[in-house]
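Accompanying notes for the structure given below.
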Amino acid sequence: YLTFAWLFGIAGMALYSGISYWKLRRKVRTVIPLRKGICLCDEISTPFVMGIFRPVIYLPSALETADRNYIIAHERHHIRRGDHIFKALGFLALTIHWFNPLVWLAFSLANRDMEMSCDEAVIRKLGESIRADYSATLLNVATGRRLFAGTPLAFGEGNPTERVRNLSKWKKPAIWVMVLCVLVCAVLAVCLLTDPKIYQPMELPQETAKTIQIVLHNEP
C-alpha cells in the first residue's frame, strides 16, 4: 500500500507540473520577438525563463525599457549559470521524494538562494547606484508566491520583501574573504574526499597462535 501511495504521489506531482506547463505554453503562443532568445508577451504579468535546451526569456509587453534591462541581466545570469536545468533536476528530486518535508524545504530554499544570488550579480555588474531602481522593478513584477514546479524560473518569484532586504544589506565581499572561502572549501573537500587509512589486524603465525590458545586454556 505504501508503494502505491508513493507512486500515486509521483503521478500527482507530474500531473501538476504538466498542467502548469501547458497553461503557461498557451499564454505564450503569441509573442513578439525582441531579440535572440527574448520575447514580449501580452498575456503574462511577470518575466520568466522557460525551456531546458533552448531557454527563452519572456517579458511582459508593458515593461519599461529600464526595467527590461535589469530583468534581462538577471535572467541571462540564470541561463549562463544553468539554473533552469538545476531547478528542473531539483523538481525531479522533489517529485520522487514528495513525502519528505525536508526535500520541500530544500527545494524552496534553493530557489530563494538562486534568485538572491542573481539579484546580487546584477548589482555587482551594473553598479550599486541602480540598487533602488532594481528593487522597485522587483516589487512591480513580484508574483508573491513560490512556484513549486520544474519550470519556469520567474523573476518575481518568492518573497519580494525578503529579496529587497537582502539587496539593502548586500556589500561586495573583500578579496581576502573570497580567497579565505576558497581555501576553506578546498581543505574541506580534501578532508571529506580522502578515505581514512584502514588498519588491518596483525596476523600471527599458526604455531604462535596455537601456543597462545593452549596457554589461555590452561590458566585457572
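The values are calculated or read from the model by the stated rules, or taken from the named source; none is laboratory data. Given the structure is predicted, the values throughout are model-derived calculations rather than measurements. Because the Cβ atoms are built from the backbone with ideal geometry, glycine has one as well, and the counts that use them run over all protein chains shown. Surface accessibility is based on the protein's heavy atoms, side chains included, excluding ligands, DNA and RNA. Shrake-Rupley method; radii C 1.70, N 1.55, O 1.52, S 1.80 Å.
Considering (1) surrounded by 14 or more Cβ atoms within 10 Å (Cβ to Cβ); (2) modelled with pLDDT of 95 or more, the lone condition that Phe8 does not fulfil carries the number (1).
Would you say Pro33 is touching a Leu at 6+ places or on another chain (Cβ under 9 Å) and surrounded by 15 or more Cβ atoms within 10 Å (Cβ to Cβ)? In short, no.
Restricting Asn111, Asn140, Asn159 to residues that are at pLDDT 85 or above and not small (Gly, Ala, Ser) narrows the list to Asn111. Going by what's in this entry, would Val122 be described as open to solvent by less than 70 Å² (accessible area, probe 1.4 Å), free of Cβ contacts under 8 Å to residues at least 12 places away in the same chain and touching a helix residue (DSSP H, G or I) at 6+ places or on another chain (Cβ under 8 Å)? So Val122 fails the test. Scanning the stretch 56-104 for residues that are open to solvent by less than 50 Å² (accessible area, probe 1.4 Å), of a type in the set (Gly, Ala, Ser) and part of a helix (DSSP H, G or I) yields a count of 4.
Select from the stretch 109-119 the residues that are open to solvent by 20 Å² or more (accessible area, probe 1.4 Å) and under 17 Å from Gly156 (Cβ atoms) and list them in ascending order.
Going residue by residue through the stretch 109-119, those that are open to solvent by 20 Å² or more (accessible area, probe 1.4 Å) are 109-110, 112-114, 116-117.
Selection gives Arg112, Asp113, Met114, Met116, Ser117.
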